[in-house]
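One structure below.
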Amino acid sequence: MTKPKAAIFWSGGKDAAYALQLALEEFDVVELITTVDSNNSVTMHEVPFELIEEQSKSLHPPLCKLDVTEYKNAMRNLAKNLIDRGVEHLIFGDINLEDVRQFRDDIFSEYSITTHYPLWKKDTKELFISMVRSGWRSIPICVETQKVGEDLLGSVLTEKTLTKLPKDVDPCGENGEFHTFVIDGPLFESTVEITTGEKYRKTFEYKTDKGQQMKTGFTFLNISKR
């Protein structure tokens, strides 16, 4: 029986990778979609797009680069393009962020695209262990400075990593405590070779739902193609 065509939003991190692995049981994944910022880096993760290209070569599905300067318009244009090509399913690696899921579902439901979340509501500690035991090798490339120690940056995640994370940090970093980059795994033909550079910090300002102005600091690890 022919599997339905699907595309997956691909950040290059562990959640997207494991979501892809699970989705392949049901779908023919024909495209990876990566959102980039004005610096040609993965949105929020700040991974150079050329490294995402290296992952794509190892995975084989074609890669779509999506500039999200105007997010809603970008998503709507994407939806139209997918429908024109007969792709009616979209896969995401989100686990439990209700508002993010609702926002996406609202946009894509306008175009009769069905969204799928293979990791949704799974226990994040068990999920982390499943990813590691499945053979995914990923490294943290960004940490929320006040919550996660910078020594985690660049280290391959293992089950032992769980014992090093503070108790208030989600095991999968689902609340933005850390982001990862996958260098190898069961779907990869070859390891993505990278070079690690200096660490740098950034502060982001945002408003809460109640209008309160907040600041959050992140430490990033410079990574590049070897």
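The values are calculated or read from the model by the stated rules, or taken from the named source; none is laboratory data. All values derive from a computational prediction rather than experimental measurement. Glycine also receives a Cβ, built like all others from the backbone with ideal geometry; neighbour counts cover every protein chain displayed. With ligands, DNA and RNA removed, areas are computed over all heavy atoms of the protein, side chains included. Shrake-Rupley method; radii C 1.70, N 1.55, O 1.52, S 1.80 Å.
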| Taking θ as phi - 60°, what are the ³J(HN,Hα) couplings along the range 11-28 by the Karplus curve (6.51, -1.76, 1.60), each to the nearest whole Hz, with x for Gly and Pro? | 8, x, x, 4, 5, 4, 5, 6, 4, 4, 4, 6, 5, 5, 5, 10, 10, 8
| request: List the equivalent ellipsoid semi-axes of the chain in whole Å, largest first, each obtained as the square root of 5λ for an eigenvalue λ of the Cα gyration tensor. | output: 26, 21, 18
| message | What distance in nm separates the two pseudo spin-label positions at Lys202 and Met214, each 7 Å out from Cα along the beta-carbon direction? | response | 1.8 nm
| note | The answer for Ile194, listing residues at least 5 apart or on another chain whose modeled amide H is closer than 5 Å to its amide H, is Arg226
| Per-residue [θ]222 nm for the chain (sum of -39500 (n - 2.57) over DSSP H runs n ≥ 4, rounded to 500) | -8000 deg cm²/dmol
| Counting pairs on different chains as well as pairs 8 or more places apart, how many Lys pairs in the range 59-170 have Cα atoms under 27 Å apart? | 18
| query | By its C-alpha gyration tensor, with a ≥ b ≥ c as the square roots of the eigenvalues, how is the range 1-68 shaped: rounded for a/c under 1.5, else prolate for a/b larger than b/c, else oblate? | reply | prolate
| task | Could you tell me what percent of the accessible area of the chain is made up of carbon and sulfur, with a 1.4 Å probe and every protein chain present? | result | 45 percent
| said: For the range 1-111, give me the percentage of DSSP beta bridges that are antiparallel, rounded to the nearest 5 percent. | reply: 15 percent
| request: Rank-order 113-126, 29-42 by packing density, defined as the average count of other C-beta atoms within 10 Å over each peptide's residues, highest first. | output: 29-42, 113-126
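Can you give me the relative contact order of the chain as a percent, contacts being Cα pairs under 8 Å and 6 or more apart? It would help to have the intermediate numbers written out before the result.
Values: 415 pairs, mean separation 47.5, N = 226.
Across the chain, relative contact order equals 21 percent.
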| said: Leaving out ligands and nucleic acids, and using a 1.4 Å probe, what accessible area per residue does the chain come to in Å²? | reply: 52 Å²
